[in-house]
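Following: one structure in C-alpha cells, then a few remarks.
Readers should treat all values here as calculations from the given coordinates under stated rules, not as data from a laboratory. In this text, all values refer to a predicted model and were calculated from it rather than measured experimentally. Note: ideal-geometry Cβ built from the backbone for every residue, glycine included; neighbour counts use all protein chains shown.
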Amino acid sequence: MRKSNWIIAAILLVASLVFLWLWQALEFNLVDNPIDVVVTAVWWVVIIAGCLVIHWAEKKRQERIRTVFLAPGLVYNCEIGVLRLDPGSSSVDAMRKVLSNLTYSFDLAELPANSRVRFQTIVRTERFAENGRIWEGEVVEVRRPDTPHPFRNQAELAALVGETAA
C-alpha cells in the first residue's frame, strides 16, 4: 500500500475513534435512539466514499504515469525519463518495455533542462497488462490535440505511430 493510502487509513481510524468517543460522550450508548442508526449509516457511507475516491485517484495517477511522449529517436516517460532509441528500433517495443518496468513511484524523472526536444506524439495508456498483450489507450498528435485516435492493441498502436507490429 502506498504512503498516501496509509495516511488516509490513519485519518479514517482517528475519525472513527473520535466518533466512538462522541458516541460515548453524548451517551448514545445509554439510550435507544434512532439517531444511532443514522450516524452509523452516514459514517459507513463516508468510509466507503473515501475508499472509492482513493481508488479512483490512484487509477488516474497511474494512467498519467503511463503516458509516453514520442519524438524521433526518443521516448519519454515521467517515471523512467528519456530513453534514446537505436536507429531502426521500434518505439512501440521501447514503450512496451518502459510500461512493463513501471513501479508507479512518486519519484518522477524530468527532461534535461537544456533539452530542445519537440515531441510529435503522445501515447496515453488506459490499460496495460500481460507485458502488452492487453494494451488500450489513445494516440494524440501534438499538432492536432483535439483529435485523439484510440487503439485496442499493440498492432493498432504500431499503425497509429507509423510502425509495423512486431
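Distance between the 7 Å Cα→Cβ label points at LYS60 and ALA109: 2.6 nm. For the peptides 97-107, 123-133, the ranking by mean Cβ contacts within 10 Å, running from highest to lowest, is 123-133, 97-107. Counting only alpha carbon atoms, the long axis of helix 91-100 and the longest principal axis of the chain meet at about 30°. Between the entries (i) 9, 37, 40, 14, 1; (ii) 8, 24, 22, 20, 18, 6, 1, 1, 0; (iii) 9, 29, 23, 14, 11, 9, 4, 1, the label attached to P(r) over Cα pairs in 10 Å bins from 0, in percent calculated for this structure is (iii).
For the chain, what's the relative contact order in percent, using C-alpha pairs closer than 8 Å and at least 6 residues apart?
Values: 188 pairs, mean separation 24.5, N = 166.
Across the chain, relative contact order equals 15 percent.
What is the range 3-64 by shape, rounded, prolate or oblate, if you read a ≥ b ≥ c off the alpha carbon gyration tensor as root eigenvalues and call it rounded for a/c under 1.5, prolate for a/b larger than b/c, and oblate otherwise? Oblate. Seen through its C-alpha gyration tensor, with square-root eigenvalues sorted a ≥ b ≥ c, the range 104-166 comes out oblate because a/c lies at 1.5 or above while a/b is not bigger than b/c.
Classify the range 66-160 as rounded, prolate or oblate from the Cα gyration tensor: take a ≥ b ≥ c as the square roots of its eigenvalues, call it rounded if a/c is under 1.5, otherwise prolate when a/b beats b/c and oblate if not.
rounded
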